[in-house]
Each structure stands twice: as structure tokens, then as C-alpha cells.
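The values are calculated or read from the model by the stated rules, or taken from the named source; none is laboratory data. The model shown is predicted, which means the values in this text are computed figures rather than measured ones. Using ideal geometry, Cβ is built from the backbone for each residue, glycine included, and neighbour counts are taken over all protein chains shown. When the accessible area is computed, the model is the full protein with side chains, heavy atoms only, and any ligands, DNA or RNA have been set aside. Shrake-Rupley method; radii C 1.70, N 1.55, O 1.52, S 1.80 Å.
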Amino acid sequence: MSGQILVGTASWSDPGFVERWYPKKMPAGERLGWYAQHFDLVEVNSTFYSVPEPRMVERWCAATPDDFTFDVKLHQLFSFHSTPVKLLPPDLQSGAETDAKGNVKATSDMQEALLKTFLRGMAIFRSSGKLGVLLLQLSPAFSPRKHRLSELEPLIDMLNGYELAIEFRNRNWAVDDQLESTTDFVRKHGAVFVNVDAPASDHFTVMPSDVEEVTNPNVAYLRLHGRNAKAYITGKTVAARFDYNYNDNEIAEVAERSRKLARGARAVHAIFNNNNLDYAPGAALRLRKALGQIIRTPPATLELF
């Protein structure tokens, strides 16, 4: 088996993209269509903070070619992050139980209600043939010392029939004997273990980059966070944490790693999350070139006034 390798970025509208990658003065509503002329895949990041309106999902689908794929990050309430009540859909806010800090208690009833709302948009992606995986990006606080993998089972069960990718953000899930237990759990439940490219660091929030697991024959996942260890651990903003520009030798390494993963899955999703400035789309385009992929070049865009 040698699967298809899809390359894209984590979101398409980061400020650095707008400032340095898109044509100057391009209207916001035209950016996704322009992005889709360069890439066949994008990871939707905004859904971590809010549930997308169905009309918005319809517009995203209409703006992209038939063969375009959206991987969608699940709302943060599902991933053991502290979630302010204001990040829930308005109709769920009044009934939410909260703690002393105003964060939502992730009860089973609340998660079921939120997921029901969330999946309305996913149904639109799915009916258009554009839904890739749903990405569960776990909090670093979800650790083997405080939690059990079985705590993920209710969500896995509710998402039966969807491709679910799980990104662990606590290193202790992927080192020593724990790695085998973790990947066995993900494989047993038919989910996708998210492999990463990250800085060389033993800090508990930095996952090891030498793990190359394919736990689902349909999809292998690789998220590329850059290799800036100090920024990753101490950065106060997303752009600061993932401030790294891959060089060409590193892109060649990523290409080889992607090919290796493709030998075990029908598709590999390689997502660049080094989202300071225009580093992510630049690296993603260089990876496509390194893989020998044909890149559709948009016609020259006149300066927009």
C-alpha cells in the first residue's frame, strides 16, 4: 500500500497568512477559494472555540473544489480544556453548569448536547464528500498520572461512524511502556493516532517526534509544530509557540516520513501548524514540491483596490 499524501495548514486565515501570503487587500471571503488553489486539505481550527453555523459550512464547501478535504478540530469542551461558558452556543449557555471560575463542567449531558449541535455542520461537510477527520486535541493536563484512556470512550462511542484523530499533548502518553498501551487503545477503537513533528525536548508538553504510528488503515496523521523548543514551552501566543520556519533539509525529512506513513494507510494528512507569519503555507508548498506533487498555480492576481 502507498496512500495518497494530502498537505495543508492548520487554519487558512491566521494573521500572518493575511499579511504575507494572500494577495494584498484580498477580501476575507475569497481567501479560502484562493487557498484551495494551492492545497487539497485544510484543518479547521476555529471550531475549537465555537460551533460553526451550518450556513458558514455551506459557504466553505461552495468555495472549494469537489476533491477538497476539511479536517475539523473538535470543540475544546471535549478535550479536557477549561472552557468559558461564552464559548458554548448561545442556546446551551443558560443551562450550563459552571465552576467557581465560570468554566463549563463537561457533564455527559452537556457534551451530548454540544456534540449534537456540532455534528449539524459536520453533516454538511459529509454530504458534500469533503469531511476528513475530526481532531481531538487533548489538553496537556490529560496525563496518565491523573487520567485513564477509558475516559475517552464515551466520546469515541458518540462519534461512531466518523474518523476520529486523537492528538495527545502530554508526553507521558508516548514514552516507554506507555506508548504501546496508548497506541493499542487508539487502534482498538479504530481511531487515528496523531504523530507530530515537534522540538527536541523532554518537557511534558512536547510529544516525541520519533513516534510513527498508523492505527487506522484509512488515515495516518502528521501535525508539524516546528522545532523551536524555547518558544514552544514559553510562548504566550499561538504564533509565538509555533514560531519556526522549516529549512529545505527538514522538509526532505518530513517528505520521507510522510512516505513511510503512506505505506500503512490509504491517506496521510500532513498539517503544518508552524503558524507564525507565512511559515506554514510556505513549508506546505515546499513539502508538496518535495513529494513531486503537481501544484496548481493560480493565475496572477492584480493588485486589488
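Extension gain, Glu112 to Glu30: 0.36 nm times the residue separation minus the Cα-Cα distance gives 26.1 nm.
Length gained on full extension, Arg263 to His147: 38.5 nm, using 0.36 nm per residue less the C-alpha separation. Which residue, chosen from Ile156, Gly190, Leu32, occupies the Cα position most advanced towards the positive end of the dipole of the chain, where the dipole is computed from +1 (Lys, Arg) and -1 (Asp, Glu) charges on Cβ about the Cα centre? Sorting the options by dipole projection puts first Leu32.
List the relative contact order of the chain as a percent without decimals, with contacts defined as Cα pairs under 8 Å and 6+ residues apart. The normalised contact order for the chain reaches 23 percent. Net charge in the neighbourhood of Phe68 (other residues with Cβ under 10 Å of its Cβ; Lys, Arg +1, Asp, Glu -1) is -2. Label point of Asp176 set 7 angstrom out along Cα-Cβ; within region 134-156, amide nitrogens under 20 Å from it belong to 140-150. Accessible surface area normalised per residue over region 39-108 is 49 Å², counting heavy atoms of protein chains with a 1.4 Å rolling probe. Using r as the Cβ-Cβ distance of Asn245 and Lys289, and R0 as 22 Å, what FRET efficiency do you calculate, to the nearest 0.05? Computed FRET efficiency for Asn245 and Lys289: 0.90. Taken about its Cα centre, the chain carries a charge dipole of roughly 460 debye when the Cβ of each Lys and Arg holds +1 and the Cβ of each Asp and Glu holds -1. Dipole size of region 1-110 about its Cα centre, with +1 on Lys/Arg Cβ and -1 on Asp/Glu Cβ: approximately 420 debye, rounded to the nearest 20.
For the chain, with all protein chains in place and a probe radius of 1.4 Å, 50% of the accessible heavy-atom surface sits on carbon or sulfur. So, in Å, what gap is there between the alpha-carbon centers of region 238-270 and region 169-237? Region 238-270 and region 169-237 have Cα centres separated by 13 Å.
Charge tally around Lys230: other residues with Cβ under 15 Å, Lys/Arg +1 each, Asp/Glu -1 each, net +1. Between Ser94, Ser201, Ser46, the residue with the greatest mean-square fluctuation in the GNM of the chain (Cα pairs under 10 Å linked by springs) is Ser94. Two tests apply to each whole DSSP H helix in the chain, Cα reach of 15 Å or more along its axis and mean Kyte-Doolittle hydropathy of at least -1.0, and the ones passing both are 108-127, 248-262, 279-290.
Computed with every protein chain present, the accessible area of Leu74 is close to 0 Å² [probe 1.4 Å].
For Ser82 and Gln4, the difference between the fully extended length at 0.36 nm per residue and the C-alpha to C-alpha distance is 24.5 nm.
Solvent-accessible surface of region 183-305, averaged per residue with a 1.4 angstrom probe and all protein chains in place: 46 square angstrom. The label point for Ser139 and the one for Asn218, both projected 7 Å from the Cα toward the Cβ, are 2.9 nm apart. Among Ile156, Ile294, Ile271, determine the one that fluctuates most according to a GNM of the chain built with springs between C-alpha atoms less than 10 Å apart. Its mean-square fluctuation being the largest, the pick is Ile294. Every helix of 4 or more DSSP H residues in the chain counts as -39500 (n - 2.57), and over all residues that averages to -9500 deg cm²/dmol at 222 nm. Relative to the Cα centre, the charge distribution of region 215-292, modelled as +1 at Lys and Arg Cβ and -1 at Asp and Glu Cβ, gives a dipole magnitude of about 240 debye. Under the simplified labelling scheme, the Asn160-Arg120 pair shows an inter-label distance of 2.5 nm, with each label point 7 Å from Cα along Cα→Cβ.
Annotation for region 146-176: trypsin sites (Lys or Arg not before Pro) lying in DSSP loop with at most 10 further Cβ atoms inside 10 Å of their Cβ are Lys146, Arg148.
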